[in-house]
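Asks: Would you mind keeping the following structure in view while I ask a few things?
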Amino acid sequence: SIYFKYKEEDVYEIIPMTYFIDNCFSKNYEEFSKAANTTKNAIWIVKPAENSNRGNGIFVANSAEEIKERLSRKKSSKHTFIIQRYITNLFLYQNRKFDIRTYMLVLSIRGITKDTGIAKDTFALVAK
């Protein structure tokens, strides 16, 4: 955030508003709800914060009330969720969503970093 303040830019123009929610009665949910109620025409994407892959458990909603209703229907209150404002103007590759992944190894012994290395192969995953 220091970089964006220096550049006099809004970090949320690059990174979507994001909230970590452990239940619909938490302080984080209240903060999200206030933001959602003051943000016009926003679409929100809700993702499970753990035990998730391949898009399982993800849903899209138009309001904090809709999200609260859907989350309250979940059987287990042990799960946590990430709520993000959905980006409508995506950067696409050949009209498809993608992400770029690279891996780094950090060798640490007793808390002291001894060596680091970045994998030679970086790859992109493109959605079907």
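The values are calculated or read from the model by the stated rules, or taken from the named source; none is laboratory data. Please read all numbers here as calculations on a predicted model, not as lab measurements. All Cβ positions, even for glycine, are placed from backbone atoms using ideal geometry, and neighbour counts span all protein chains on display. Surface accessibility is based on the protein's heavy atoms, side chains included, excluding ligands, DNA and RNA. Shrake-Rupley method; radii C 1.70, N 1.55, O 1.52, S 1.80 Å.
Asks: Kindly indicate the residue of the stretch 1-32 that is among the acidic types (Asp, Glu) and in a loop (DSSP other than H, G, I, E, B) and also surrounded by the fewest Cβ atoms within 10 Å (Cβ to Cβ) among those meeting that condition.
Replies: If we take residues in the stretch 1-32 being among the acidic types (Asp, Glu) and in a loop (DSSP other than H, G, I, E, B), then 8 is surrounded by the fewest Cβ atoms within 10 Å (Cβ to Cβ).
Asks: For the stretch 46-55, enumerate the residues that are open to solvent by 40 Å² or more (accessible area, probe 1.4 Å) and assigned to a strand (DSSP E or B).
Replies: Within the stretch 46-55, 47 is the sole residue that qualifies.
Asks: Please go through (1) in a helix (DSSP H, G or I); (2) at pLDDT 85 or above; (3) open to solvent by 70 Å² or more (accessible area, probe 1.4 Å) for residue 35 and return the number of the only condition it doesn't satisfy.
Replies: Exception for residue 35: condition (3).
Asks: When only residues in the stretch 84-128 that are among the polar types (S, T, N, Q) and at positive phi count, which is nearest to the chain's Cα centre (by Cα)?
Replies: 95
Asks: For the stretch 56-114, please list each of the strands (runs of 3 or more DSSP E) lying entirely inside it that holds at least 2 residues being within 27 Å of residue 12 (Cβ to Cβ).
Replies: Once the strands (runs of 3 or more DSSP E) in the stretch 56-114 are filtered for at least 2 residues that are within 27 Å of residue 12 (Cβ to Cβ), what remains is 59-61, 81-85, 98-101.
Asks: Still on this structure, I have one more. Is there any pair linking a residue in the stretch 84-113 that is farther than 30 Å from residue 32 by Cα to one that is part of a strand (DSSP E or B) and not small (Gly, Ala, Ser), with Cβ under 6 Å and at least six apart or on different chains, and which?
Replies: As it stands, the answer is 104/118; 106/116; 107/114; 107/115, since those pairs meet every condition given.
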